[in-house]
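Let me begin by presenting the structure, written as structure tokens, before commenting on it.
The values are calculated or read from the model by the stated rules, or taken from the named source; none is laboratory data. The structure presented is a predicted model; accordingly, all values stated were derived computationally and were not measured. Note that each Cβ is placed from the backbone with ideal geometry, even for glycine, and that neighbours are counted across all protein chains shown. Side chains included, ligands, DNA and RNA excluded: accessible areas come from the protein's heavy atoms. Shrake-Rupley method; radii C 1.70, N 1.55, O 1.52, S 1.80 Å.
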Amino acid sequence: MFEEKKDLRIPGPSPVPPRVLRATSKPMMGHRSSEFKVLYADVVGRLKPLFGTEEDVMVITGSGTAAMEAAVANTVSPKDKVLVCVGGKFGERWALIAESYGAEVITYEYDWSTPADPAMIAKHLQENPDIKVIFATQNETSSTVLNDIEGISKARGGSDALLVVDAVSSLGGAEFNMDQWGVDITVTGSQKCLMLPPGFAFIACSKRAWKVIEGNTSPRYYLDLRAYLKEVKKGQTPFTPNVQLVYGLAEVLDMLQAEGLPNILRRHKVMRRMTRTAFSAMGLELFVKDEKYASPTVTAVVGAGKFDVEGYRKVLNKEFGIVVAGGQDHLKGQILRVGHMGYSTPIDMLGVIATMEVALKKVGCDLPLGAGIKAAQEVLAE
Ligand SMILES: *Cc1c(COP(=O)(O)O)cnc(C)c1O
């Protein structure tokens, strides 16, 4: 009976606002029609401020990984040396994609609970001045670390290496200034902070990146960004796009504009503060210690030693209708991740935190009820 009241607190796909769901059920239209061109040109134009760019934002029908692969396929030629920052599953994904395109991959591995150190990027570039592309992840969803992309960009110094950033779980939830920070390629997806169903990948490229893309020798067809650029200039896509998601995107952009980007970013920070303060007050350990590098879109707490993480997740879901994520790889059974991205509010978090305390009692965890929710209320009341 309460299936539709599930609170989806995983770090993507995230909840879709009802008005966006309604927009995605509008009647189909032809993607070569004049109405489509008007709508499409409008939405891609309105995406630019979210990226912090004046460049064209291109839309690929596919999941976020399609834009990641497009970034690799269009900038990495076989045998090119690339540097990949790996502090979690999505950094690993960059390395796997680059390897599959024949790159010589150098990985800079950093601890999953900390951010990448820009000084280490500079060191790698010094040792390997022929690095062509650097791949980084702004918000490493698997570890809930928010990386310093501006710092990483600056660490390049005078190097010509392109900086490619996965901002899939942060764009629209964390500050991102592509042009100002000197990021060469930014990729994101529809189902995280952009409040849409899965199915769209977005990508924007700097002028420097376009030069590399033109000279690139890797095979590509569906993901050839030159085709997307040519078409987006005309309010078109090279292939049939997910038209329903374009309707949804127009609605999302209306919502984002009504709230205003500074307010959106502030709301995410408030949710981060509430969640972290609550977990600490409950006597639980935060996975990311320094709040400066803690994700504003998803928070991880260490459960191991206090309660059975996977068992607890089941109770939260089955008995209380709250769906949270566990850890991946070596963090499975160790941490719990609570999403607060996109269509999420501090009011949602009050319910989530209070319920998580009750559910902890249910699994036999000896914590005083109310410590977490009180701490969260105090953050909200500030
Ligand atoms: C969700 C996510 C992706 C994309 O995953 P898809 O399943 O392909 O949409 C990429 N990077 C990060 C950091 C993510 O959180």
Can you run down the residue pairs with Cβ atoms below 7 Å, 6 or more apart or on separate chains, where the first is in segment 1-28 and within 20 Å of Arg313 (Cβ to Cβ) and the partner is among the basic types (Lys, Arg) and within 16 Å of the ligand (Cβ to nearest atom)?
-> Pro11/Arg337; Gly12/Lys192; Ser14/Lys192
Within segment 252-291, residues being in contact (Cβ under 8 Å) with a residue 12 or more places away in the chain and part of a helix (DSSP H, G or I) number 24
Could you give every pair whose Cβ atoms fall below 7 Å, whose first residue belongs to segment 69-92 and is at positive phi, and whose second residue is part of a loop (DSSP other than H, G, I, E, B) and more than 11 Å from the ligand (Cβ to nearest atom), counting only separations of at least 6 or pairs across chains?
-> Lys79/Gly102; Gly88/Trp112
With respect to Gly182, is the statement that it is at pLDDT 95 or above and within 15 Å of the chain's Cα centre (by Cα) true?
-> no
Run Leu367 past the list (1) in contact (Cβ under 8 Å) with a residue 40 or more places away in the chain; (2) within 21 Å of Val16 (Cβ to Cβ) and report the number of the one that doesn't hold.
-> (2)
Given (1) of a type in the set (A, V, I, L, M); (2) within 24 Å of Glu54 (Cα to Cα); (3) not assigned by TED's automatic domain parsing to the domain that holds Val38, where does Leu249 come up short, assuming only one miss?
-> (3)
Any chance segment 80-100 includes a residue that's within 12 Å of the ligand (Cβ to nearest atom), part of a helix (DSSP H, G or I), small (Gly, Ala, Ser) and in contact with a strand residue (DSSP E or B) (Cβ under 7 Å, 6 or more places away or on another chain)?
-> yes
Checking Lys234 against (1) open to solvent by less than 30 Å² (accessible area, probe 1.4 Å); (2) not assigned by TED's automatic domain parsing to the domain that holds Leu360, which test does it fail?
-> (1)
For Val84, which of the numbered conditions (1) within 22 Å of Arg208 (Cα to Cα); (2) surrounded by fewer than 21 Cβ atoms within 10 Å (Cβ to Cβ) fails to hold?
-> (2)
Residue satisfying all of: in segment 105-141; aromatic (Phe, Trp, Tyr) and under 20 Å from the mean Cα position of the chain (by Cα); farthest from the ligand (Cβ to nearest atom) among these | Tyr110
Pro15 versus (1) under 23 Å from His340 (Cα atoms); (2) outside any helix (DSSP H, G or I); (3) more than 16 Å from the ligand (Cβ to nearest atom): which is the lone unmet condition?
-> (3)
Filtering segment 154-192 for residues that are more than 25 Å from Pro11 (Cα to Cα) and either open to solvent by less than 10 Å² (accessible area, probe 1.4 Å) or not acidic (Asp, Glu) (or both) leaves a count of 12
Might you check whether a residue that is closer than 21 Å to Gly91 by Cβ, in the same structural domain as Asp148 (by TED's automatic domain parsing) and open to solvent by less than 20 Å² (accessible area, probe 1.4 Å) occurs anywhere in segment 208-216?
-> yes
If you check Gly102 against the conditions, is it open to solvent by less than 30 Å² (accessible area, probe 1.4 Å), modelled with pLDDT of 95 or more and on the phi > 0 side of the Ramachandran plot?
-> no
